[in-house]
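One structure is given below, encoded as structure tokens.
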């Protein structure tokens, strides 16, 4: 028969086995933890919206909401607009150039940043009817003093600008993107940004895609590709 000491040792070993077993279930190996983790999808994220910090910002956001009830033509989404504002404010842009004013919604997003950076927007469009709507939207938002509107062919008029460009936004006719880049890249300051709308839909200009991804002086990422898509290109220092 087992001695009392043998029984005690067996009991202790059993208790240790139980404790180690419990610990193994509580402390999962990091690799196993990663394997078990659920992938976060866009639907899992909270809805992003711009909340007004002050009365001026509230007025601009209200003007954007009103603009969406009128003549839309081609304009940016909320996600696109927030990105325009965020990048403009992040680089403290003083000189923003936009090709393709449309009815001014993107200009309103830019103005959210420019009223803080002290910068200006030069926006170009060839359509006088759209520009008339844009002017009224800028007036309602109280930002007309931050924006210079240029009516005419941007291929002709935009290269006349002499001030270094901090941020260039391409949102005019898509087949002209590569020409706009050739015409205005020399004006973009080192460290400046080129943003190009519609990198997913409609079908982007293949010559532009080649230009921004094959030049060693440029570095490009593609963002918000679940929507219209945005190309973000840095002109390296």
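Couple of notes before you dig in:
- In segment 114-126, the residues that are crowded, with 21+ Cβ neighbours inside 10 Å and over 14 Å from residue 144 (Cα atoms): 124, 125
- When we screen 148, 162 for residues that are more than 26 Å from residue 202 (Cα to Cα), surrounded by fewer than 19 Cβ atoms within 10 Å (Cβ to Cβ) and in contact with a strand residue (DSSP E or B) (Cβ under 8 Å, 6 or more places away or on another chain), the only hit is 148.
- Search result, residues across segment 93-122 that are under 21 Å from residue 190 (Cα atoms), free of Cβ contacts under 8 Å to residues at least 60 places away in the same chain and in contact with a strand residue (DSSP E or B) (Cβ under 8 Å, 6 or more places away or on another chain): 110, 114, 119, 120, 121, 122
- Restricting 133, 97, 156, 143 to those that are within 23 Å of the chain's Cα centre (by Cα), in the same structural domain as residue 190 (by TED's automatic domain parsing) and farther than 18 Å from residue 52 by Cβ reduces the list to 97.
- Any hit, segment 127-134, residues being under 16 Å from residue 70 (Cα atoms) and surrounded by fewer than 16 Cβ atoms within 10 Å (Cβ to Cβ): yes
The values are calculated or read from the model by the stated rules, or taken from the named source; none is laboratory data. These numbers were taken from a predicted model, which means no experiment stands behind them. Backbone-built Cβ (ideal geometry, glycine too); neighbour counts: all protein chains shown.
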